[in-house]
Amino acid sequence: YTDNADLLSAILKQIEEAEALVAERLKQEQQKQALVQQEKQKAATQAKAQKERNEAFDVAMSTVNKQLECRTTINMRDIDIAVTKLRSLNRTRYRKAESTIISKLASCISKIGRSFPERAEEFKKRALRIFPNNALVANLKIEPKDPCDLSLAGLGARGTRAICRDPIKSDGDSLGRGPAL
């Protein structure tokens, strides 16, 4: 109870201003927390996406490694798909692994070329499409298989499957075939 209403109005005004200030600070703090939460969610999403890319990279790399175990054949289509995937998923990791992939592939093509030269030539062509202008693959020398190797010696009397002919060449061009041996 007071006769001075001005004093009460001033105190009431100060209380209202203080409440408005507290409300504004609370609103700012909530906005700040919302931004922090968004950043955390964004970081978690990015980490999850990176983990998925790394897992996909590992799967593609295992596909390449499986093909480069160097059996009697190589599925060059699988290697092409996997290498393309590796390049798109993580360029930095791919660049580190590329030279190893190429050297293993070249070694495998060379190994297959000793037994199956025609197959190896096809693998070499496809490898050059996957790794254009690669000197290691381009310089692979694949010797053609001798059609008259020692495994046929003494088998001539067993029919046409045991007969071979040497190619006749002049300046690298094939002119025909030699006599039946």
If the reach is capped at under 30 angstrom between alpha carbons, list the lysines near K66, excluding any in the same chain fewer than eight residues apart. K48, K51, K85, K96, K104, K111, K124, K125, K141, K145
In 10 Å bins starting at zero, report the fraction of Cα pairs in the stretch 96-138 per bin as a rounded %. 32, 56, 12, 0
On full extension of the chain, what length is gained from E24 through N75, given 0.36 nm per residue of separation minus the C-alpha to C-alpha distance? 11.7 nm
Solvent-accessible heavy-atom area per residue, rounded to whole Å², over the chain at 1.4 Å: 76 Å²
In nanometres, the difference between 0.36 nm per residue of separation and the alpha-carbon distance of S62 and S103 is 13.2 nm
Would you kindly derive the ³J(HN,Hα) couplings of the stretch 66-78 from the backbone phi angles with the Karplus curve 6.51 cos²θ - 1.76 cosθ + 1.60 (θ = phi - 60°), listing them in order in whole Hz, with x for Gly and Pro? 4, 5, 8, 6, 6, 8, 7, 8, 10, 8, 5, 5, 4
Per the rule of 0.36 nm per residue minus the C-alpha distance, extending A49 to N133 adds in nm 26.9 nm
Carbon/sulfur accessible area of the chain, % of total, 1.4 Å probe, equals 52 percent
Mind putting together the pair-distance distribution for the stretch 1-116? All Cα pairs, 10 Å bins, whole percent per bin, short to long. 12, 23, 14, 10, 9, 8, 7, 7, 5, 3, 1, 0
Sorted by chain and number, the residues with a modelled amide H under 5 Å from that of D166, at a separation of 5 or more or across chains, are G178
Among L26, L86, L68, which one shows the biggest mean-square fluctuation in a GNM of the chain, springs joining Cα atoms closer than 10 Å? L26
From zero outward in steps of 10 Å, how is the percent of C-alpha pairs of the stretch 51-112 spread across the bins? 24, 54, 19, 2
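The values are calculated or read from the model by the stated rules, or taken from the named source; none is laboratory data. Treat the numbers as computed from the prediction; the structure is a model and nothing was measured. Note: accessible area is taken over every heavy atom of the protein model, side chains too, but ligands, DNA and RNA are not part of it. Shrake-Rupley method; radii C 1.70, N 1.55, O 1.52, S 1.80 Å.
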